[in-house]
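Remarks on the structure that follows.
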Amino acid sequence: MERDAVQSRAATPRECGSPLRCRVEAGEAPPPAAMSSEETIKILLGDKSYEVCKSKLIERSDYFRALYSSGMRESQPGQSVQLQGLSIPGLELVIEFINTSQVTLEQETLEDLVESASFLQVTPMLELLLTRIQLDNCVELCNLAEIYGTHGLRDACLEFMACNYHQMLQRPEFHLFPTDFRQQVREMRMKGDATLIALGDFIGSTLTGPHQEGPWSMMRFDDAVQRWLHMASNLPPSMVHVRGYGSAVMDNYLFVVGGFRMTSQEISAAHCYNPCKNEWSQIASMNQKRSNFKLLAVNGKLYAIGGQALSNVECYSPEHDWWSFVASLPSPLAEFSACECKGKIYVIGGYTSKDRNLNILQYCPTSDSWTVFEHCTLHVRKQQMLSVEDTIYLVGGCIHELDSSKKTCQSEDMLTVQSYNISTREWLYLKGNTSKSGLNLTCSLHNDGIYIMSRDVTLTTSQEHRVFLKYNLFDDSWEPFRRFPAAGQNMLLCSLYIPKSV
């Protein structure tokens, strides 16, 4: 093995940053030798020298392990090892780790540390770094891992940034990465299994689980065994018994915002569930307290639309963690439906303060304006709305056909599905399920269908229970599942990507 002649990266060796077993060669007496039978090696860098235990060097550094098994002159007893091009702070951090299994991680010495640990191939130290990734160092560590070819560290930084994506959006240094890189980080959040999640004030659950303390508020559906399972994470206490909230999924985060408490007091608080970490956190509250409104995710932002006697609309930016008012609805609406489709918001049905709303309203985020997209010949209310490409699906609710030449629905409380194509402006009545209730339901797009949780009544006992079924989008058919294993109030169904570790 040749002696090291590492080329410096346009930087000269820096001054000794700590008193870690180093001495100046010129004229100073060496420190007393440690009382130990262990053989020590003198490492030279610039005008500094360090005495390090040989066995620890071999144990923790692939570089020194290869050196002392090479048979070359530098590996002979009494020979010192001359290093060039590494920084003194970096080498001292490596020696600190070799001696103590600990490392002092500071922002100003990150590059020194990664450079020296990578060159000297101190794998345990690089592995320790994987556990020290934080919001304030992950960008620099990722860049350094790219420079020095430490792929494990780079992958860990990517995983950390994906897990904390919205917090990363709030950091200016993250936006220095190319757009494609940031998109890659976002897409990494979608790893794992697409899973149905149910939230609610569950009572009378037929499931049991470890560490159960009171009603379970989160469950997940296991497609493989076709049953609901408890989740370890419950709603924050401040969210329990909140009604009339808005909910939306964006970037594989679940947002639950606003609503009213049992005392009828409206709230503006906003919470976020991160499945990558299996934890809830609170984000900035809305400017306006509101309930019975629609919360939609559009182009990386959230929109809180209307509410009880409200026409104003707020937009949440995860990059800035704040809400700002945007263009209001033309007038306040009650019992309306809304969804995102092709980057715009569509509002259908409900009531104005004077009459039925028969207009389909369209909101364009780019121009921040509302327009009347089309006038309807039917009136809908209390529907759930979802979209796939350019088709909007309206699930459940109440329908009143205004055109007497068409068949009028005789029963308001049945489970129906309609579709509306924003390109052709064509309405289609899809296969209904007249045996189930279309009111007070919750639904979510999941895989190839719309999964619906509705209510039903057992005729013999008059007891209400929850039913769980699927509408297949591609063959216009219904598929029943087992009855939901709990009664409850205020239920929400959504689809999230859940890591296998959760």
Checklist entry - Can you give the FRET efficiency for LEU105 and GLU479, using 1/(1 + (r/R0)^6), R0 = 45 Å, r = Cβ-Cβ distance, to the nearest 0.05? => result 0.25
Item to check | Å² per residue, accessible surface of segment 239-284 at 1.4 Å | outcome: 37
Checklist outcome for this item: Length gained if SER328 through GLN167 is fully extended, taking 0.36 nm per residue and subtracting the Cα-Cα distance, is 55.1 nm
Checklist outcome for this item: Along the dipole axis of segment 40-139 (charges at Cβ: +1 for Lys and Arg, -1 for Asp and Glu; origin at the Cα centre), the most positive-end residue among ILE41, PRO89, GLY71 is GLY71
Checklist entry - At a 1.4 Å probe radius, carbon and sulfur cover how many percent of the accessible area of segment 87-206? => result 52
Checklist entry - Accessible area per residue, 1.4 Å probe, Å², for segment 136-189: what's the number? => result 47
Checklist entry - What whole-number value in Å² describes the accessible area per residue of segment 330-404 for a 1.4 Å probe? => result 42
Item to check | Straight-distance crosslink candidates among lysines, where the alpha carbon sits under 28 Å from LYS301 and sequence neighbours closer than 8 are dropped | outcome: LYS191, LYS277, LYS289, LYS342, LYS344, LYS382, LYS500
Item to check | Sulfur and carbon atoms: percent of accessible area, segment 267-364 [1.4 Å] | outcome: 44
Item to check | Cβ-derived FRET efficiency at R0 30 Å, MET190 paired with GLN308, nearest 0.05 | outcome: 0.30
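The values are calculated or read from the model by the stated rules, or taken from the named source; none is laboratory data. Just so you know, these numbers come straight off a predicted model, no measurement behind them. Note that each Cβ is placed from the backbone with ideal geometry, even for glycine, and that neighbours are counted across all protein chains shown. Areas reflect the complete protein model, heavy atoms only, side chains present, ligands, DNA and RNA absent. Shrake-Rupley method; radii C 1.70, N 1.55, O 1.52, S 1.80 Å.
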